[in-house]
Amino acid sequence: MVVRTRWWLGTLLVVALGCTGELSSTGGTPSGRDTGPTERVDAGDPGEDASAPRIDAGTDDADAGEPATDAGSEGEDAGSPPPLDAGTDAWMPPPPEDAGMPDHCADGPLDAPLPDCRPTPPPSTGDIREDCVRRINQFRRECQCLPPLERWVEGESCADEHAEYDADGAGAHGGFRDRICSPGGSAQNECPGWGSETQVISGCLQAMWDEGPGEPFSEHGHYINMSSSRYSRVACGFHTTAAGRVWAVQNFR
């Protein structure tokens, strides 16, 4: 059967990719290449439509059933606070988020997320990486009564490298798959080619959570990584291209 399409047909691209060694990306791959180690869906090139953010489809383990390992030592601190100027106050992290559970969580974690759970993003802390972690924990807490993930500061520098490497042509999860830096985590979600960092927090992470539980992994990988009890930490990385497109990764460990 031959389906003819018009050359001017606009696209709304959504790509999801989850990986432990799982990769998951919300945005899509810039070149249409395979964006992860196992199953996934490639929704196209983020550069084709500057207004249409996408998600990549999510992949399972990077090593055909074995979790991916970091390429180097975990001891290096890639995300420590900046050095202090002489005479300035010490750097202080944003205040901790409210860890209290909603009333519907009185009986503990839920087996499945609440349907149509779309909480309003928390106010920005002024630190986009902290905002990213808080948003993920908001979904975990308010939508499924799950405990929060710790912000993985040591993994943020590598997460930034992943985002830049992927945006520069490797495609979603290219840096994770090629193990270009360490510590890189055991699973990854990605938002390729979004319009702004704010859209990543409000839109991409919501789209990932909305995948919900189920099979195959390629259709639910983002949610699986976000809600998994296998991970206790997450590092968020960002890169903005010369064209103003934002690539964002979330590395879980």
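Of note:
- A count restricted to segment 101-129 and to residues that are in a helix (DSSP H, G or I), in contact (Cβ under 8 Å) with a residue 12 or more places away in the chain and surrounded by fewer than 20 Cβ atoms within 10 Å (Cβ to Cβ) stands at 3.
- Where residue 191 falls short, out of the listed (1) modelled with pLDDT of 95 or more; (2) farther than 25 Å from residue 122 by Cβ: (2)
- Of the residues 185, 221, 171, 193, the single one that is in contact with a helix residue (DSSP H, G or I) (Cβ under 7 Å, 6 or more places away or on another chain) and buried (at least 24 other Cβ atoms within 10 Å of the Cβ) is 185.
- Identity of the residue in segment 103-132, over 18 Å from the mean Cα position of the chain (by Cα) and among the charged types (D, E, K, R), that ends up farthest from residue 147 (Cα to Cα): 116
- Segment 196-212, subset in contact with a helix residue (DSSP H, G or I) (Cβ under 6 Å, 6 or more places away or on another chain) and either of a type in the set (Val, Ile, Thr) or more than 19 Å from residue 231 (Cβ to Cβ) (or both), residue surrounded by the fewest Cβ atoms within 10 Å (Cβ to Cβ): 197
The values are calculated or read from the model by the stated rules, or taken from the named source; none is laboratory data. Computed from a predicted structure; not experimentally measured. Note that we place each Cβ from the backbone using ideal geometry, even for glycine, and neighbour counts take in every protein chain shown.
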